[in-house]
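All remarks here apply to the structure that follows.
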Amino acid sequence: MVEQSKRTPNSDCRIPNLVGVALLFFAVPVTAIPAAIWDREASVQWSAVSLGEVLERFGETQKIGVFLDRRIDPSRTVEFTAVRRPIGALLDEFAASLDLGCCRLDSVAYLGPKFAAATLAQRQPPTVALLRRRVPLEIPFLATPKEVLEHLAESNGLRFRNLETLPHDLWPERKLPPTALFQLFDLLLVGFDATFELESDGKTLCIVPLRRPDTTAAVQSVPNVPQSPVPLSRQRLTLTIKDQELDGVLRVLAERIGLHLEIDEASLAVKNVSLRHRVSYEAKNATVQELFRGLLSPLKLEFTIRGETIRIR
């Protein structure tokens, strides 16, 4: 089958939904995946399409987990063709075409900086059986790293000692199939050049700097690596909002997209619209303009975007 993309305890580890919205990411069915799936052949033809889009579609059609490092811009345009290649080899070749690394952790393929992929691949399974337990993971749109890691640890009888060392970030929605617990922690931390160690009590996890595979010198800090800015005109978003307060939705969307939000509350009052009004809305592969137009038009609200500011009235 050829894909064509052109532009014209814990088994249920769900993070509590923060605002009930979801950004385009690599959602895949939460099902166990046999290791042999990496040897199954697939053919793809990707032309003038975004990295995020092709990974999302490939994950869905092949029923695998795909995890893109937070430091990689999902909107970058890709061109790639492969015919009857094993899925694992196909992803390796695709990553190499982008000057990225790829490694497979249990049932999830990771794409990111080469040193990070190499480090993850060299990670030895822990002797503690709890950390080898396979669990799925579902993260809602705009969860923070601290919230995700804290919930994942606590739902499996563990706790982190130093989550405050992680920089603040807001994450897209992600759904990953059953994967070894220690590998989920590694996937969530590697984008911060960090990993974890289990302390002597067998229950406490400590975030530590990631050691690169080609050196014995430890990184001295966990840097705050910002996401690559994506121009508004190139952003495409898929989201689902279910019965959430308008104020919270507007604020988290503006922050995630990279806009400063201004709300003309006097204008909203004239239109008899409260910021506490609850909204539900769905959009797929929408531009920023289409997104806000679809969200605000039913309330007879308008918006303008000038520079890095969006004004709601």
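Throughout, read-outs are computed from the coordinates displayed, never taken from laboratory work. A quick note: this is a predicted structure, and the numbers were derived from the prediction, not measured. Every residue, glycine as well, gets a Cβ built from its backbone with ideal geometry; the counts of neighbours run over all protein chains shown.
Tabulated data for the structure shown
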quantity: Highest-first arrangement of 189-201, 56-68, 124-136, where packing means the average Cβ count within 10 Å; calculated: 56-68, 189-201, 124-136
quantity: Relative packing of 138-148, 76-86, which averages over residues the other C-beta atoms within 10 Å, highest first; calculated: 138-148, 76-86
quantity: Total charge dipole magnitude, segment 10-209, about the Cα centre, Cβ charges on Lys, Arg, Asp, Glu only, Debye to nearest 20; calculated: 380
quantity: At R0 = 22 Å, FRET efficiency that the Cβ-Cβ distance of GLU282 and GLU138 yields, to 0.05; calculated: 0.75
quantity: Per-peptide average of other Cβ atoms within 10 Å, ordering 236-244, 267-275 highest first; calculated: 236-244, 267-275
quantity: Contour minus Cα-Cα distance for ASP243 and HIS260 (0.36 nm per residue); calculated: 3.7 nm
quantity: Residue-count net charge about LEU98 - beta-carbon cut-off 15 Å; Lys, Arg +1, Asp, Glu -1; calculated: -4
quantity: Positive minus negative residues near GLY294 (Lys, Arg vs Asp, Glu; Cβ under 12 Å); calculated: 0
quantity: Spin-label model distance (nm) - ALA269 vs ARG311, 7 Å beyond Cα toward Cβ; calculated: 1.8
quantity: Too-long pairs where the Cα-Cα distance tops 22 Å, listed order kept, from LYS146/LYS284; LYS63/LYS203; LYS63/LYS284; LYS146/LYS175; LYS63/LYS242; calculated: LYS146/LYS284; LYS63/LYS203; LYS63/LYS242
quantity: Taking all pairs of distinct alpha-carbon atoms in segment 233-312, Kirkwood radius in angstrom; calculated: 12.8
quantity: Whole-Å semi-axes of the ellipsoid equivalent to segment 10-209 (Cα gyration tensor, √5λ, descending); calculated: 27, 18, 16
